[in-house]
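Report on one structure; see the data block that follows.
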Amino acid sequence: MAAPKRGRSASAQSKPGRSLALILIAIVALTGGMFLSGNTTPRLGIDLAGGTSITLKAKADQGSAINKANMDTAVDIMNRRVNGLGVSEAEVQTQGTDNIIVNIPKGTNSKEAQQQVGTTAKLYFRPVLASEPSGPAGQSPSPSASPSGSSSPKPGASPSSSASSKEKASSSSTASPKASATSQGRAVSDALKAGSTPSPSPSAPGSGKPSATPSASASSGSSAAAKLQAQYATLNCTKPDQRAKVGGATKPGEPTVACGQIRKVWYKYVLGPAAVDGTDVKNAAARFDTQGASGWQVVMNFTSSGSKKFADVTGQLAKNQTPQNEFAIVLDGEVVSSPFVQQAITGGQAEISGSFTQQDAQGLANMLSYGALPLSFQEQSVTTVTAALGGEQLHAGLLAGAIGLALVVIYLVVYYRGLSIVAMASLLVSAMLTYVIMSLLGPAIHFALNLPAVCGAIVAIGITADSFIVYFERIRDEIREGRSLRPAVERAWPRARRTILVSDFVSFLAAAVLFIVTVGKVQGFAFTLGLTTVLDVVVVFFFTKPLMTLLARRKFFANGHKWSGLDPQSLGAKPPLRRTRRPAGPVAGSVDPKEA
Amino acid sequence: MSKLGNLGARLHRGEISYDFVGKRKIWYGISILITITAIVGLAVRGLNMGIEFKGGAVFTTPTKMSTSVAQAETYAKDASGHEAIVQKLGNGSLRIQIAGIDTGQSDRIKQELAKDLNLNPEKLAADLVGPSWGEQIANKAWEGLGIFMVLVVIYLAIAFEWRMAVAALVALIHDITITTGIYALVGFEVTPGTVIGLLTILGYSLYDTVVVFDSLKEQTKDITKQTRFTFSDIANQSINGTLVRSINTTVVALLPVAGLLFIGGGFLGAGTLNDISLSLFVGLAAGAYSSIFIATPLVADLKEREPAMKALTKRVLAKRAQAAAEEDLAADRAAVADDSDAAPAVVGPRNQPASRNRGRGRPSGKRR
């Protein structure tokens, strides 16, 4: 074959030792780094190490755009949430454009964390228009409920209703039988009207009287109000399916009904439009009140726009009677707390106090701080893998890999004989590099070896072996042309090199596209494939080729020993040209006699 | 080796060669037939979409379960209210697959199932997916496929030429159609793992094709300066010359995948390992086939339409006709000159392959 003269690399052939030394130094350095950093094994993915992996997909239905900034905020919030709950080493990351993957290693609290991540909702402060305990149907929703029947356990029992604003209300004022009037439909609809027209007439605050006085003048929205009222009347918050129905989907700007569980008792609420956004809360913290007697409380700090909004709404709420002086903290359509307000809270700081336990207070503070996700999410998949099963899968994967490797080695030995030493050494170097780099990438870029990645590594054995085959076949072709080994090795290289680069580039392109576009498991696979393709090129250039050059000087190969895999006779080289072999001559000077 | 090596040598010298390009109509026909079968299979039977596409849950128990498959099916049905598919895996664990439940219900079902099976819920591995998860993966896959195809066509068009890019693309589409067709016909379950495998074929299928094209490009560099071979001839030589390499790379690529498929998969039963390796296995085989039988002949076909190549083909054919005529003439003369001695007439043609051989791979025009 007529070989193009250009591109023959003189340096590669003259200093094979240098390349080999380079790659050996690299291996030693990387391995040393691996041992020094103490990460001697690749980090295992959830599917191999055991644990829970939750995939959440952002929904674009709430008016907020799915963009990088929002996704990053969401990740940040979820991360603080799961890790704030004492789950160590939980990992939250975006994948693709609209997915978030939460990986929770096996062990403590994975279920709790799953629930916390599951409530990835938006947080709103909504004024309470009406509320009452929601027991079994027939008891509470009956419009003719007597005041005594509905002066339900809420006041004393719930931390929220006994919670006060900055000026701590005396607990006596919270004992108002607020539920008495709201059990009547009329009061609800009035309350709704009051909510839709923000001009409630003042009524005596803190009085023990029922708040049923139809204070507001109806102006609009009566049909929607009627619908809401009907919904409220039939709502039974003790039924999970009904609770699910009233959740999340409501627009923040509209009144809604909601449920909330306070001290194991379900309450139902009619809530006005959202007054303050969760994003308006700068931070919140649980604090033990050392001066007063109120124990654990939650302190909120608002942003500047938040404090203005909060001042407005508390100013208005404070004029109302119970329960219309309450605001509900609504997370994922569920009321998590409903403190009431006694006077306008300005200054951007508020306290919620009540008979909180430390855990309650911290939980609420967490939700207030991190609950305001900029997007709403939907669980796409939840994978829980026990460590035993993961270990088994890893075993099977490794076994398959070992057998695959053995098969490849057998094939190479049978077909290439002596040459297979080069191939096996290169595969070994490649495998070592892959392992070491994977181990190092664990802490560096959070690379975790998952099952598809193991798969990718096994498949890569084939890709790596392919490169040698391309090169070996080229060398053999050159020998068939009648060249002796040393010139054959050098002449075959430029062309094999090009073929290897072109085809590896295509493989790498596929892996890169796969990595960028896909999510979850697929990414691990694509990453491994891309990594091994790059390593393949490195190994072929810096190890296989120099090694081949060195071995070509050995008698065993140069003389074409029967077992070398390069025996000109069995390769079918042209006999007349064999005698022109000049092993001692300068390699560069060996020109194809036919071309001369 | 020696036998195979010999075969390689003979292929290399062109002593033996299969006329892939000349008989391309046959291979096109076979491929079209396979493709039609695949499309009909897809249309009629459709793909057996896995739980990831329908929404549902897969629970895997620890090994050494004493519960029978039928018993587990009853438990699963009671717990979920849906039909369940239960398989006993090679290692003695049970794989319980329930379609149609969403992630919201799954925890309750998991608890109940664990109770029924007398297990700690912690020991019951669960894979729960919403119905849109698989769809999303599939959508991403299509997106990736599209992007990859565009990029690879651009790359091949730059590295080689647009005809090769087109041929490679056709071969790629062909591989993907065949692979999905086989999935439809055999009824293998399509899971995200399958999708991963299918996407990997992208790179792999092209690997072989690129190797052949590379050799083709090299050998046809100065093609217009000679009149011995047409483009198709050289294309055929390229395929034959790289045949051993193609076979070897395919075998070597298939071996680990086969290991993954039969050992890894067999040991664990259905699972990610199996899904990926199955589609890889099918796709790799299809990829090897298409690079030899479809891509290169297609390039030759496209190339022969080029005016320069048409002219070349004309010249080559004219020259061959002339040579044949001269030979005939020579043979006639020899026959006339020496009626009794037929040897020269035999010697002539016998020399022909040898001389052709020496010019092989040397379309430089130096030898005419």
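The values are calculated or read from the model by the stated rules, or taken from the named source; none is laboratory data. On a predicted model such as this, the values are computed, not experimentally measured, just so you know. Here the Cβ is made from the backbone with ideal geometry for all residues, glycine too, and neighbour counts use every protein chain on show. The protein model used for the area step is the full one, side chains on, heavy atoms only, and it has no ligands, DNA or RNA in it. Shrake-Rupley method; radii C 1.70, N 1.55, O 1.52, S 1.80 Å.
Here are the numbers for this structure:
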| read-out | value |
| --- | --- |
| Boolean, B:Asp116 is of a type in the set (D, E, K, R) and surrounded by fewer than 19 Cβ atoms within 10 Å (Cβ to Cβ) | yes |
| Tally, over segment B:221-241, of residues that are within 24 Å of B:Gly287 (Cα to Cα) and more than 8 Å from chain A (Cβ to nearest Cβ) | 10 |
| All positions within segment A:550-566 that are crowded, with 20+ Cβ neighbours inside 10 Å and in contact with a Lys or Arg (Cβ under 8 Å, 6 or more places away or on another chain) | A:Ala552, A:Ser564, A:Gly565, A:Leu566 |
| Any chance A:Ala396 is in a helix (DSSP H, G or I), in contact with a helix residue (DSSP H, G or I) (Cβ under 7 Å, 6 or more places away or on another chain), open to solvent by less than 40 Å² (accessible area, probe 1.4 Å) and free of Cβ contacts under 8 Å to residues at least 12 places away in the same chain | yes |
| Lone qualifier among B:Ala99, B:Ala138, B:Ala165 - being surrounded by fewer than 22 Cβ atoms within 10 Å (Cβ to Cβ), more than 9 Å from every other protein chain (Cβ to nearest Cβ) and closer than 17 Å to A:Val517 by Cβ | B:Ala138 |
| All positions within segment A:407-448 that are within 14 Å of chain B (Cβ to nearest Cβ) and open to solvent by less than 20 Å² (accessible area, probe 1.4 Å) | A:Val408, A:Leu412, A:Tyr415, A:Tyr416, A:Gly418, A:Leu419, A:Ser420, A:Ala423, A:Ser426, A:Leu427, A:Ser430, A:Thr434 |
| Pairs, first within 16 Å of A:Ala510 (Cβ to Cβ) and open to solvent by 20 Å² or more (accessible area, probe 1.4 Å) in segment A:533-546, second of a type in the set (Asp, Glu) and part of a helix (DSSP H, G or I), C-beta under 8 Å, six or more apart | A:Val537/A:Asp504 |
| Matching residues in segment B:131-189 - criterion: being in contact with a strand residue (DSSP E or B) (Cβ under 7 Å, 6 or more places away or on another chain) and charged (D, E, K, R) | B:Glu189 |
| Residues satisfying the stated conditions in segment B:242-257, i.e. more than 7 Å from every other protein chain (Cβ to nearest Cβ) and of a type outside the set (Ser, Thr, Tyr) | B:Leu243, B:Ile247, B:Leu254 |
| Helices (runs of 4 or more DSSP H) lying entirely in segment B:146-260 (those with 2 or more residues that are closer than 20 Å to A:Ile458 by Cβ) | B:192-219, B:243-258 |
| Condition met for B:Phe213 (in contact (Cβ under 8 Å) with a residue 24 or more places away in the chain and more than 10 Å from chain A (Cβ to nearest Cβ)) | no |
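To keep it simple, each residue is scored yes or no on (1) in contact with a Gly (Cβ under 6 Å, 6 or more places away or on another chain); (2) modelled with pLDDT of 90 or more; (3) open to solvent by 20 Å² or more (accessible area, probe 1.4 Å); (4) more than 10 Å from every other protein chain (Cβ to nearest Cβ).
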{"position": "A:Ile475", "(1), (2), (3), (4)": "no, no, no, yes"}
{"position": "A:Ile479", "(1), (2), (3), (4)": "no, no, no, no"}
{"position": "A:Ser484", "(1), (2), (3), (4)": "no, no, no, yes"}
{"position": "A:Trp493", "(1), (2), (3), (4)": "no, yes, no, yes"}
{"position": "A:Ala496", "(1), (2), (3), (4)": "no, no, no, no"}
{"position": "A:Thr499", "(1), (2), (3), (4)": "no, no, no, no"}
{"position": "A:Ser503", "(1), (2), (3), (4)": "no, no, no, no"}
{"position": "A:Ala510", "(1), (2), (3), (4)": "yes, no, no, no"}
{"position": "A:Leu514", "(1), (2), (3), (4)": "yes, no, no, no"}
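For (1) free of Cβ contacts under 8 Å to residues at least 24 places away in the same chain; (2) open to solvent by less than 40 Å² (accessible area, probe 1.4 Å); (3) within 14 Å of another protein chain (Cβ to nearest Cβ); (4) in contact with a Ser or Thr (Cβ under 9 Å, 6 or more places away or on another chain), each residue gets a yes or a no:
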site: B:Leu33; (1), (2), (3), (4): yes, no, no, no
site: B:Gly50; (1), (2), (3), (4): no, yes, yes, yes
site: B:Gln71; (1), (2), (3), (4): yes, no, no, no
site: B:Tyr75; (1), (2), (3), (4): no, no, no, yes
site: B:Val129; (1), (2), (3), (4): no, yes, yes, yes
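This table checks each residue for (1) modelled with pLDDT of 85 or more; (2) open to solvent by 40 Å² or more (accessible area, probe 1.4 Å); (3) over 21 Å from the mean Cα position of the chain (by Cα).
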site	(1), (2), (3)
B:Leu273	no, no, no
B:Ile276	no, no, no
B:Asp301	yes, no, no
B:Ala308	no, yes, yes
B:Glu327	no, yes, yes
B:Arg333	no, yes, yes
